[in-house]
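What follows is a set of notes on a single structure, which appears directly below.
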Amino acid sequence: MLASDNDGYWVNQKDNEDIDIDEHYKIDSIKSIVYDEESDEFYCLCNKKREEVGFFLIKFGAFNPIKKFELINWKHKLDIGDCNIYFTRGMDPVTNNYYKELVISYKTIYINTYNVFVKDISGPLENRSTLYIHESF
């Protein structure tokens with residue numbers, strides 16, 4: 001996976017194949033891409049989708065980038081910057097259940113707020129939820 005603010009390419013060197021991710025998904029202003037080696041998936045945070053400005057998080061397979069899944073699709077018309085994406089994993093000591101969370105932080109441009117967003121990405125899709133949202137000046 002290669003990406004800049006305006007372009008993103010998925011490259012398969014073995015089969016000499018590439019896919020222009022930003023054209024395929026109609027996204028722009030790519031802020032961060034991370035790879036989850038546990039599930040072989042990429043998580044891509046971008047600020048524009050189909051010419052609309054907002055907060056868009058998509059995931060797609062490392063070996064099959066054609067099939068995507070949109071996790072967050074907020075059209076709030078605000079530019080974002082200073083974005084980071086991290087994973088937290090572990091065992092809950094109370095329930096002894098495995099957990100995996102996606103932690104996203106970013107700054108909203110012009111209104112100068114810093115935001116932290118935590119989303120559960122473990123277990124069945126219907127049980128996943130947003131765990132934490134923080135916004136401060």
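Nothing in this text is a laboratory measurement; each read-out follows from the coordinates by a stated rule. Being a predicted model, the structure only gives us computed values, none of them experimental. Note that each Cβ is placed from the backbone with ideal geometry, even for glycine, and that neighbours are counted across all protein chains shown.
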Mean-position separation - Cα centroids, the range 73-116 and the range 1-70, in angstrom: 18 Å
For the range 28-136, with only Lys/Arg (+1) and Asp/Glu (-1) charged at the beta-carbon, what is the dipole magnitude about the Cα centre, in debye rounded to 20? 320 debye
May I ask you to derive the FRET efficiency for residue 99 and residue 70 from their Cβ-Cβ distance with R0 = 25 Å, giving the value to the nearest 0.05? 0.65
Please give the length that would be gained between residue 13 and residue 78 if that part of the chain were fully extended, namely 0.36 nm times their separation in residues minus their C-alpha to C-alpha distance (nm, one decimal). 19.7 nm
Pop out the ³J(HN,Hα) list for the range 63-70 in order, Karplus 6.51 cos²θ - 1.76 cosθ + 1.60 with θ = phi - 60°, rounded to Hz; leave Gly and Pro as x. 9, 9, x, 5, 8, 10, 9, 8
Given just the C-alpha atoms of the range 28-136, how large is their convex hull per residue in cubic angstrom? 110 Å³
Here the averaged projected area of the range 1-88, based on the convex hull of its alpha-carbon atoms and given in nm², is 5.7 nm²
Calculated from DSSP helices alone, with each H run of at least 4 adding -39500 (n - 2.57) and the total divided by the residues of the chain, [θ]222 nm to the nearest 500 comes to -500 deg cm²/dmol
Taking a straight Cα-to-Cα line shorter than 19 Å from residue 100, and setting aside same-chain aspartates and glutamates fewer than 8 residues away, one finds 36, 37, 38, 40, 41, 70, 92, 120, 126
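In the range 46-137, which GluC sites (Glu not before Pro) are in a loop and have at most 10 other Cβ atoms within 10 Å, using DSSP for the loop call?
51
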